[in-house]
Structures are given as structure tokens and as C-alpha cells.
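See structure below.
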2 protein chains.
Amino acid sequence: MNIEMIRAARERIGTNLRRTPLLSNPALDAIAGRRVLLKAECLQVTGSFKARGGWSAVSAIPEDTRRRGVIAFSSGNHAQGVAHAAKMHGVPAVILMPKDAPRAKVDNTRALGAEVVLFDRETDDRDALGAALAEERGLTLIKPFDEPQVIAGQGTTGLEIAEQAAEAGVREAEVLVCCGGGGLTSGIAMALEAEAPMMRARTVEPEGFDDVKRSLETGEIRRNDRLGGSICDAIVTPQPGDLTFPIMHRLCGPGLAVSDEEAMRAMALAFRHLRVVIEPGGAVALAAALFRPEAISGSAVIAVASGGNVDAALYADALERFAS
Amino acid sequence: MNIEMIRAARERIGTNLRRTPLLSNPALDAIAGRRVLLKAECLQVTGSFKARGGWSAVSAIPEDTRRRGVIAFSSGNHAQGVAHAAKMHGVPAVILMPKDAPRAKVDNTRALGAEVVLFDRETDDRDALGAALAEERGLTLIKPFDEPQVIAGQGTTGLEIAEQAAEAGVREAEVLVCCGGGGLTSGIAMALEAEAPMMRARTVEPEGFDDVKRSLETGEIRRNDRLGGSICDAIVTPQPGDLTFPIMHRLCGPGLAVSDEEAMRAMALAFRHLRVVIEPGGAVALAAALFRPEAISGSAVIAVASGGNVDAALYADALERFAS
């Protein structure tokens, strides 16, 4: 796993995906007490950064093998990323999704032509299920984060952040990243190490599901006690990955955590001041940028809005409670 | 009024404003029956294209005069555009706003440092009020649409559309524009005439407030019977401008009109498939692209999402009714 893999992923992605904008608004700067730049990956194709890892991984499979198809398990965004990449490469995709995934994500995955197989997040072993299906049909399993080509694809976000921040006059900043298994964070951290050495990635998680924060504190992989009960479904994973954790441990600052309510407040502020739709799990980095000023250093902070696939009722609820 | 003024406006704007993205999603293409590209001016600084006209006009005033300040009247988006340009140029701004303007727009205008003076849309003569204040304080009046430098600024949207559509492989398309007084439409129409002659601008208005559509049909300026009662507040104006109408009459195809409900459906679809926030008046062009397929020709259609400043309660209502 190295920076050349990230650069190669960017070459393969080319213009097939979007260079998402870096957005800002003085009202958010005022709340945070420093300049806030939002990398709007919610505007990415499929509505999240996962399109990058999906494209990188699918495009890296040798053509003979790729033709048989791919399989992935995901709470939704990785599903859509892989389904999109498979469709654009003309190969079949099977996606294992938890039964409690937001309906919009299940519907969107099916709309992308994938076959969706539902499993129970608490009782089923998704790894075993996936491996069995992969063997049966000759599918290539694309893991959601602990897979070098997926990390390389997510890392292209970091290459863009380095360029776009420089264009905006920012060369030194903490880069807050919504963190599940650590694919996006570790990819960005490696890209920044190479392209923006004055920037440092930091993870942000929902309070109560802060396995990465505790792992970074102790230097050893820690697990979450439970996996259900957060509205930030997109970034609740059992523990950081075997590949991603050593990268994060080497390169990232201390982890941060915010409450579900703070994530919803950040969603409402992005609605009003940036006019972008962010899902709860995609809003925790912005929430930390806005509501944890004392835990962040420097005159500018960059937050990654990792996704925008949120059910309308939950979004309307966030606006009604926090956007008045 | 000519293309060179639009190119000069783009030079003055430089990197002070955003080159907003051209977004798309296969789900919207499927609804429309053709490729749909959305020029997301809701992601522009201040949340609408009006930042372009504001910047163009304020930057074109000789410095000695500009120093005394500027004045504008507006239902909200022009207000923010002028307030932003004045603030960035370090000069005072007075904004006359109707009492029924969305609260978010009034608040945002004040947050941009402008002095807000409220008037009654039905009973006050806003032109007379503005002229009196301008004379009293030596302010330069910046009209919302019937002003060459404002049209030139809005026209920069058209230069970007021509470039970005070509990058996306589209050289022939109807370009649907949310239309109030016609500043954005006439500016885009002139830019397309010069830079993308296979594209044609068309106006979209709310049903019952289709003064421009009727004016284009008859070849003479027609007025709206009433000015209140549409949720598309941003684009309800008494009649097309004396400068904008001849340009639109020469260059635009027949006007289109959509219902308030169709505008809200388009807002909900943009939420789900593009993750951008569009206000009702900014969604009528997308609504026409999606729901008037028989009135549009060609294999691709470009819709301008002109703004994203919408009160949270109205937005939540649109999602609850149409995003399920």
C-alpha cells in the first residue's frame, strides 16, 4: 500500500467520477472560529466517496476474472459504489446489504442493476455469506475498506483535497474524516503525507461507536460493544481494518467523536449555508469541525462530507429540529 | 449589451465566485426520457446565480462612486448577491426587501453586512422607494435584472454551461432557465449564441405567473395579474424587462410553465438523486426538464437550478410529500 497505488487509481478513474467541490461559507467559519472547507463527497457519483474505491477495485481486476462479476457487502454506500463501477464496466454485481439499511440505499443499489441479498446485521456472519456466494458463482469479493485497491481509490479524495486547498490558499490544516473501517481515512492520510505534508488526517466517529478513536489511543485494535442504535449507519463498523489501522496509527492525529444530535445540527447547517444534502454518518466530520473547536488546531479545518444518501423522513426531522 | 460585456464580467469575477458543477444522475435521465444535466447555481456563493450579476455590477462602478455604496431591491437572492459583492469590495449596501421574503434570505442578507429595509410587495412602489434612498445617500442603484452589467454577470453562467456541456460530450441541447425578469435567461441566451450555437435557451416560470411565456408568444411585453400566491417567490416579477425582453424574443424558444407541485417534486428528486438543495423558484427548470418531455426536443436537456435559499419548513414539506 503506497502513494503510487493512489496515483494509479486516479489514472484509472479519469473523468468517470467527479472532482467534487470544496465548499465554504462565512457563517460556518463564524461558528467554528476558523476557516472551514467542506470536501463535498455527497456530490460524488452514487452520492458518496465509495464510488472511488469501487471504481478503483473493479478496474484493477484482470479482465478475465472481472467478467464473472463482483460481490460486496455494505450498509449501502459501498454497495452503490461497487454496483456503479460494475455497471460501467459491464459486469454483474451481487450486493449483500443489512436488512436495516436505509431504503433509499437499497433502492438505489437495485436501480444500478445489482442483485441485492439482504442479511441480518446482528445475527448473520456477512463475511461467511459473502465468501460462499463468491465461490459459488466465481465472483470477486470487494471488501468495503480492508482492501488495498479500495484504499487507493478512497485516497484519490486526498489528492484532490491537497490541490483544492492549495488553490484556496490553505496549505496547513487538520483534515477531519468520517470514519467507519478506515478506508477513506487511511487513503486520505497517505495522499496528504505525499502531497500536503502540513496537513494531518483525523478520524471522526459517532459517540458510543468510537472503535477507531479508542484503537488510536491504545495503539491496538479495539471493537465496538454494539453495532445498532446510531443514526450514522454508514460508518458503524465492528473495528478498524488490519490494513487501515496501521496506516491511521502512523499518520493520524487523535480521533474525535460527536453525538447523533451534533451530526443532525451539522446536516441542518449544511442545508442552510452550503445547500448540500449530507447523511448523518457523512456529517460527523463537519460536526466536529463546528462543535469541537477546542480539540482542533490551526486557522483552517477541512471536513469531508462523505455521503448524502439519507431517507427523506430523517432529513426532514433534522431540518425541523435544527434548521429554524 | 453584447458578448464582450459577458466576457469582461467573467474577467472581473475571476476566482471570486464558483464555477458551479454540472450534475447528472441516470434516474433523472430515465424520468425525462433524455439526458438531463443540472447547472447547480444553488451551490454558487450566496446560494444563487445572483452573486454573478451583483459582482459584475458592483465591480463595474467607477471607484469614486462605488465608495458611497450601493442599493438594491429584491425578493432575496439579488439582495444577497449585491450584499456579498459590496462586502467583498468594502462598500456599504442597502437592500430593500419585501416583507414576505423567506426569513432565511432576510437573515442571510443581514449576515452579509447589508442594511435591510422592508417594504410591502402589494402596496409600496419599490422603484420610487429605492430611487429616494439612492439620491439621499448617493448610493448607486443596482437593478435586479434590467441592467446591462447585471445581465453580463448572469451571462457568465452561459459561458460555463457551454464549456461544461462540451466536456460532457453535449453540444446540442435546450437550456431551460428559471425566469423572473429575464436577466439570467437573456445573459445565458447571449452566451450560448456566441459559444454554443447549437444550444437554445428557454424560459420556465410558475403557472399563473407566466408573463414571459405570454410575452414571447405575443411578441409584446405582458404583465402578471397578481404577484403573490406562488411558492416560487424568487422568480415572480411583474413583467420582463425592457432590456431583457428583446434579447429573449430574439434568441429564446417558446416559454414553459410548471405547477408549484411539480417544482416541489423536482426539489425532492434533486434531494434524492443529486444531493443538492434547490428552492422552489430555482426548481422550475428541472421540473420542466423532467415533466414536460413532449415540449422539449433533442437527446439532452440542460436545466439551471438557479438558487437554493429555501426555508426549512417548506423544504421538509416538499420531502414529506414527494420524496418517499
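The values are calculated or read from the model by the stated rules, or taken from the named source; none is laboratory data. Just so it is clear, the structure is predicted and the values come from calculations on it, not from any experiment. Reconstructed Cβ throughout: ideal geometry from the backbone, glycine too, with neighbour counts over all protein chains shown. Just so you know, the surface numbers come from the protein's heavy atoms only, side chains and all, with ligands and any DNA or RNA stripped out. Shrake-Rupley method; radii C 1.70, N 1.55, O 1.52, S 1.80 Å.
Might you check whether a residue that is out of contact with any His (no Cβ under 8 Å at 6 or more places or on another chain), surrounded by 24 or more Cβ atoms within 10 Å (Cβ to Cβ) and within 14 Å of chain A (Cβ to nearest Cβ) occurs anywhere in segment B:111-129? Yes, some residue in segment B:111-129 is out of contact with any His (no Cβ under 8 Å at 6 or more places or on another chain), surrounded by 24 or more Cβ atoms within 10 Å (Cβ to Cβ) and within 14 Å of chain A (Cβ to nearest Cβ).
In segment A:276-305, the residue that is farthest from the other protein chains (Cβ to nearest Cβ) out of those that are touching a Leu at 6+ places or on another chain (Cβ under 7 Å) and open to solvent by 10 Å² or more (accessible area, probe 1.4 Å) is A:Ala295. Against the list (1) surrounded by 18 or more Cβ atoms within 10 Å (Cβ to Cβ); (2) part of a helix (DSSP H, G or I), the condition A:Ala257 fails is (2). Going through segment A:2-35 one residue at a time, which ones are within 11 Å of chain B (Cβ to nearest Cβ), open to solvent by 50 Å² or more (accessible area, probe 1.4 Å), under 26 Å from B:Ser24 (Cα atoms) and at pLDDT 95 or above? Within segment A:2-35, A:Arg18, A:Arg19 meet the criteria.
Filter segment B:10-60 for residues that are in contact (Cβ under 8 Å) with a residue 12 or more places away in the chain, within 23 Å of B:Ala323 (Cβ to Cβ) and in a helix (DSSP H, G or I) and give the result. Residues satisfying the conditions are B:Ala27, B:Leu28, B:Ile31, B:Ala32, B:Glu41, B:Cys42, B:Leu43, B:Gly47. For A:Asp311, the conditions (1) surrounded by 24 or more Cβ atoms within 10 Å (Cβ to Cβ); (2) under 19 Å from the mean Cα position of the chain (by Cα); (3) within 14 Å of another protein chain (Cβ to nearest Cβ) are fulfilled apart from (1).
Taking segment B:256-278 as the range and being more than 17 Å from the chain's Cα centre (by Cα) and of a type in the set (Gly, Ala, Ser) as the test, the residues that pass are B:Ser259, B:Ala268, B:Ala270.
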